[in-house]
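The values are calculated or read from the model by the stated rules, or taken from the named source; none is laboratory data. Model, not experiment: these values are computed from the prediction. Cβ sites come from the backbone with ideal geometry, for glycine too, and all protein chains shown count toward neighbours. To get the accessible areas, we keep the full protein, side chains included, count just its heavy atoms, and leave off ligands, DNA and RNA. Shrake-Rupley method; radii C 1.70, N 1.55, O 1.52, S 1.80 Å.
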Amino acid sequence: METHEKPRQPKHRRQFDPAARGALDGVRVVDLSRLVAGNMLTKVLADHGAEVVKVEPPAGDSLRAWKVGGIETAWKTCCRNKRSLCLDLRQAEAVAVVKRLLADAAMFVESFRPGVLEEMGLGPEELLAMNPALVIIRVSGWGQTGPFRHKPGFGTLVEGYAGFAALNGFADREPVLPPMFMADAYAGLYGASAAMIALWHAKATGQGQVVDLSLFEPIFAVLEPQMANWRISGQVKPRTGSRSTNTAPRNAYRTRDGGWLSLSTSTQAVFVRLMQSIGRPELVDDPRFRTNPDRLANIEVIDGVIRDAIAGMDRAEALAQFDRDGVTIGPIMDVSELDQDAYIAEREALIEVPDEDMPDGWLPMHGEVPRLSVTPGILRNPAPKLGADNDALLGPLLGAAELARLRAAGVVLHGN
């Protein structure tokens with residue numbers, strides 16, 4: 001199916017406003033995390049007004065290395081609204097600077113291997129003694145306790161161990177890992193919720209606490225109720241491709257012009273409308289398809305009927321017909337189509353912001369999520385250059401002379 005000749009749908013172009021304020025205005029978050037999970041967590045907070053201070057090593061957050069065409073696309077999109085300090089944390093004086101930042105911070109996010117924070121002199125006991133209301137979010141692959149606490153914790157390993165890959169794909173092929181950082185993203189979003197729960201408690205009681213956020217448990221949790229189903233049935237859920245073991249039919253279907261549609265008939269009424277729409281109303285009362293369990297038992301047959309019907313239609317034609325007939329079906333979109341899509345643009349799910357590194361001067365990125373009616377998300381500043389906020393943050397904290405001394409000593413560093 002040809003899509004590249006279609007014009008790009010105009011996006012809402014937004015400007016950064018350094019004066020913008022959100023619901024979390026006044027909440028300082030010191031972020032020593034690296035890569036995706038911690039940055040996803042603090043992106044949510046920053047988008048809603050928190051002052052997120054990224055403390056980066058001389059080489060910068062590892063996320064900066066994920067470039068396309070030489071541009072730090074992952075960094076730019078995950079780290080908008082944040083600030084950057086560049087410190088050499090191998091030096092004790094740099095750790096002392098972090099402690100001073102944490103003395104009146106609301107949250108601290110880190111993703112070192114368990115035990116490293118304690119070795120640095122930044123263990124929770126010491127930090128909570130200094131700032132009793134501090135919320136400390138510790139991101140790791142497998143958690144701060146248990147037999148795997150010291151194992152490497154990349155999301156890929158977790159996606160396999162948690163049971164996701166075993167469910168994903170087709171029965172006659174290998175398990176399929178997700179083509180994106182799924183475990184990290186779930187952990188980041190769970191972590192943002194946990195951080196706000198802990199902050200609510202801290203504001204009410206003055207008592208901070210530690211959030212032990214593994215990459216494993218969030219993705220394991222969203223796979224509910226797999227364990228209960230296993231205990232009841234004694235059956236390991238097979239890989240079913242795009243089909244469901246709960247409702248039928250549910251699948252991806254190819255159209256005559258090479259497009260793909262996703263269909264879900266989660267209610268009997270939708271199945272009836274689907275059969276009527278494709279001209280097969282007699283199948284509604286066929287004993288093989290009369291109920292959802294009947295259809296699950298005869299999935300190959302009913303899937304074949306639907307597949308053949310859709311294969312005789314172009315995608316636009318099928319979408320118009322099924323929409324008219326009240327059938328829950330939609331297009332399977334790739335990124336080139338999403339860039340041309342009116343819904344995406346009008347919802348401001350995708351926006352554009354000024355960026356001198358982009359060929360046309362505009363960087364596409366997701367809009368602020370979630371949407372709040374009274375205190376919406378903000379766009380305060382683009383993702384910072386490495387160490388861009390050294391002077392603005394550390395000058396008032398340390399004084400000009402002390403900052404100059406630490407800069408000369410290589411404790412505070414300028415970015416590249």
Open item on the list: Under 4 °C and 1.567 mPa s, how fast does the stretch 275-355 diffuse according to Stokes-Einstein, given a Kirkwood radius computed over C-alpha pairs? Answer in µm²/s, whole number.
Closed with: 84
Task: GNM top mover of S336, S373, S62 - the chain, alpha-carbon springs below 10 Å - done: S373
TODO: Post the alpha-carbon centroid distance, the stretch 98-168 to the stretch 347-410, in whole angstrom.
DONE: 24
- [ ] Pop out the ³J(HN,Hα) list for the stretch 348-361 in order, Karplus 6.51 cos²θ - 1.76 cosθ + 1.60 with θ = phi - 60°, rounded to Hz; leave Gly and Pro as x.
- [x] 6, 5, 10, 10, 10, 10, x, 7, 5, 7, 6, x, 9, x
Open item on the list: To the nearest 20 Debye, how big is the dipole of the chain about its Cα centre, given +1 on the beta carbon of each Lys and Arg and -1 on that of each Asp and Glu?
Closed with: 520
Task: Given charges at beta-carbon only (K, R positive; D, E negative), |dipole| of the stretch 1-131 in Debye - done: 740
TODO: Just name one of I278, M227, V301: the one whose Cα is farthest towards the positive end of the charge dipole of the stretch 225-318 (beta-carbon charges, Lys/Arg +1, Asp/Glu -1).
DONE: M227
TODO: May I ask you to derive the relative contact order of the stretch 58-112, considering only C-alpha pairs under 8 Å and at least 6 residues apart, and to give it as an integer percent?
DONE: 22
Open item on the list: Between helix 315-324 and the chain, what is the angle of the helix's C-alpha long axis to the longest principal axis, kept within 0 to 90° and rounded to the nearest 10?
Closed with: 80
- [ ] Using Cα pairs closer than 8 Å and at least 6 residues apart in sequence, work out the relative contact order for the stretch 19-160, in percent.
- [x] 23
Open item on the list: Using only Cα atoms and rounding to the nearest 10 degrees, what angle (0 to 90) does helix 268-277 make with the longest principal axis of the chain?
Closed with: 60
Task: Selected from D104, D391, D357 as most flexible by GNM, with the chain as the system and alpha-carbon contacts under 10 Å - done: D357
Open item on the list: With θ taken as phi - 60° and the coefficients 6.51, -1.76 and 1.60, list the Karplus ³J(HN,Hα) couplings across the stretch 181-192 in order, rounded to whole Hz; mark glycine and proline as x.
Closed with: 7, 5, 4, 5, 5, 4, 4, x, 6, 4, x, 5
Open item on the list: Restricting to DSSP H runs of at least four residues, report the calculated mean residue ellipticity at 222 nm for the chain, -39500 (n - 2.57) per run over all residues, nearest 500 deg cm²/dmol.
Closed with: -10500 deg cm²/dmol
- [ ] Round to a whole angstrom and tell me the spacing of the C-alpha centers of the stretch 56-92 and the stretch 18-45.
- [x] 14
Open item on the list: Taking 8 Å as the Cα distance limit and 6 or more residues as the minimum spacing, I'd like the relative contact order of the chain as a percentage.
Closed with: 23
Task: Which of T375, T255 is most accessible, then next, and so on - probe 1.4 Å - done: T375, T255
- [ ] May I ask you to give the percent of accessible area on the chain that is carbon plus sulfur, with a probe radius of 1.4 Å?
- [x] 57
Task: Solvent exposure, largest accessible area first (probe 1.4 Å, DNA, RNA and ligands not counted), of K43, K237 - done: K237, K43
TODO: From the C-alpha gyration tensor of the stretch 1-112, pull out the three semi-axes of the equivalent ellipsoid (sqrt of 5λ each), sorted largest to smallest, in whole Å.
DONE: 31, 19, 11
Open item on the list: Charges at C-beta only: +1 for Lys and Arg, -1 for Asp and Glu. How large is the resulting dipole of the stretch 160-243 about its Cα centre, in Debye rounded to 20?
Closed with: 240
Task: Most mobile listed residue (R64, R295, R113) in the chain, GNM with C-alpha springs under 10 Å - done: R295
TODO: State log₁₀ I(q)/I(0) for the chain at q = 0.11, 0.12, 0.13 Å⁻¹ as given by the Debye formula over alpha-carbon point scatterers of equal weight, solvent excluded.
DONE: -0.96, -1.08, -1.19
- [ ] Beyond 21 Å between alpha-carbons counts as too far, so tell me which of K54/K76; K54/K99; K82/K151; K54/K151; K76/K203; K99/K151 fall in that bin.
- [x] K82/K151; K54/K151; K76/K203; K99/K151
- [ ] List, largest first, the extents of the alpha carbons of the stretch 271-416 along their principal axes, each in whole Å.
- [x] 85, 35, 33
- [ ] Round to the nearest 10 and give me the degree value, 0 to 90, for the angle of helix 35-47's Cα axis relative to the longest principal axis of the chain.
- [x] 80
Open item on the list: So, for the chain, what is the accessible surface per residue at a probe of 1.4 Å, expressed in square angstrom?
Closed with: 50
Task: Highest average packing first - 347-355, 80-88, Cβ atoms within 10 Å - done: 80-88, 347-355
TODO: Would you pull out the residues with amide H under 5 Å of V211's amide H, same chain only if 5 or more places away, H placed 1.01 Å from N?
DONE: I136, I137, R138
